[in-house]
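*Asks:* Got a structure for you, questions after.
The values are calculated or read from the model by the stated rules, or taken from the named source; none is laboratory data. Only a predicted model underlies this, so the values are computations on that prediction, with no experimental measurement involved. Positions of Cβ are backbone-derived with ideal geometry, glycine not excepted, and every protein chain shown enters the neighbour counts. With ligands, DNA and RNA removed, areas are computed over all heavy atoms of the protein, side chains included. Shrake-Rupley method; radii C 1.70, N 1.55, O 1.52, S 1.80 Å.
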Amino acid sequence: MTQPPRSSQEDESLALRVAVIADIPALVRLINAAFVVEQFVFEGDRIDAEETRAFMESGKFLVAEDAAGFAGCVYLEIRDGRGYLGLLAVDPARQGTGLGRKLIVAAEEYFRASGCGAVDLRVISQRTPLPPFYRRLGYEEVGAAPFSPSLQPKVPGHYIIMSKRLA
């Protein structure tokens, strides 16, 4: 299987690598810190160690790190010849620096090299800044889906499904 690129050409101090089991505690901290903004929709943490381990069994996390630690991550999974990216998380102190965009570009490169013709993702409808962010990166809204019955949102909403064809 093709591996994601090891480092970003734009910022050589930031290394990209695939997470390993020993990274689970740091991944959980990073993802939960980045997803605090969704607590107006869902109560509690976004993810725990058990869920993170389960994600690592079906896909992989690409992490961006430097001397200060994990700066960001994104979950990658190949589903029926298409890429799926999720749990894009950037350390709150580093948000707005372009790191999220760099992680998405690296994810797309990984999926392209793996033979995927498209990438899919989903965002919650209450996170109104996200669809325009992804549209600027070439993603289009292709549908909607209800939240899983196991989720108990505090406010009404749904998933917005977005997709991008890879050249």
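*Asks:* How about the stretch 62-81: which of its residues are without any contact (Cβ under 8 Å) to a residue 40 or more places away in the chain and not in a loop (DSSP other than H, G, I, E, B)? First the steps, then the outcome.
*Replies:* Taking the stretch 62-81 as the starting set, the residues that turn out to be without any contact (Cβ under 8 Å) to a residue 40 or more places away in the chain are 68, 74-75, 77-78, 80-81.
Residues satisfying the conditions are Val74, Tyr75, Glu77, Ile78.
*Asks:* Identify, from the list Val41, Val37, Val63, the residue that is open to solvent by less than 40 Å² (accessible area, probe 1.4 Å) and closer than 21 Å to Tyr159 by Cα.
*Replies:* Numbers: Val37 fails: open to solvent by less than 40 Å² (accessible area, probe 1.4 Å); Val63 fails: closer than 21 Å to Tyr159 by Cα.
Answer to the selection: Val41.
*Asks:* Testing Leu87 on (1) under 18 Å from Gln39 (Cα atoms); (2) surrounded by fewer than 18 Cβ atoms within 10 Å (Cβ to Cβ), one condition comes back false. Which one is that?
*Replies:* (2)
*Asks:* Inside the stretch 158-167, can you point out the residues that are touching a Phe, Trp or Tyr at 6+ places or on another chain (Cβ under 9 Å), open to solvent by 30 Å² or more (accessible area, probe 1.4 Å) and part of a loop (DSSP other than H, G, I, E, B)?
*Replies:* Selection gives His158 alone.
*Asks:* Restricting the stretch 67-84 to residues that are charged (D, E, K, R) and more than 18 Å from Arg17 (Cβ to Cβ), which is least open to solvent (accessible area, probe 1.4 Å)? So that I can check it myself, show each step before the final result.
*Replies:* Taking the stretch 67-84 first, the residues charged (D, E, K, R) are 77, 79-80, 82.
With the extra rule that they be more than 18 Å from Arg17 (Cβ to Cβ), the set shrinks to 79-80, 82.
Details: Arg79: 104, Asp80: 161, Arg82: 85 Å².
So the residue we want is Arg82.
*Asks:* Please specify each residue of the stretch 141-150 satisfying the condition of being assigned to a loop (DSSP other than H, G, I, E, B) and either basic (Lys, Arg) or open to solvent by 90 Å² or more (accessible area, probe 1.4 Å) (or both).
*Replies:* Of the residues in the stretch 141-150, the ones assigned to a loop (DSSP other than H, G, I, E, B) are 146-150.
Hits for the stretch 141-150 are Pro146, Pro149, Ser150.
*Asks:* Within the stretch 99-140, work out how many residues are open to solvent by less than 40 Å² (accessible area, probe 1.4 Å), farther than 14 Å from Ile160 by Cα and in a helix (DSSP H, G or I).
*Replies:* Summing the residues that are open to solvent by less than 40 Å² (accessible area, probe 1.4 Å), farther than 14 Å from Ile160 by Cα and in a helix (DSSP H, G or I) in the stretch 99-140 gives 9.
*Asks:* Closer than 21 Å to Tyr134 by Cα and in a strand (DSSP E or B): does that describe Ala34? Steps first, please.
*Replies:* Details: closer than 21 Å to Tyr134 by Cα: yes; in a strand (DSSP E or B): no.
Against the criterion (closer than 21 Å to Tyr134 by Cα and in a strand (DSSP E or B)), Ala34 does not qualify.
*Asks:* Starting from the stretch 21-47, take each residue that is over 16 Å from Ala93 (Cα atoms) and at pLDDT 95 or above and list its partners that are buried (at least 18 other Cβ atoms within 10 Å of the Cβ) and not hydrophobic (A, V, I, L, M, F, W, C), counting only C-beta distances under 7 angstrom and pairs at least six apart or across chains.
*Replies:* Note: pairs meeting the criteria are Ile24/Thr52; Val28/Thr52.
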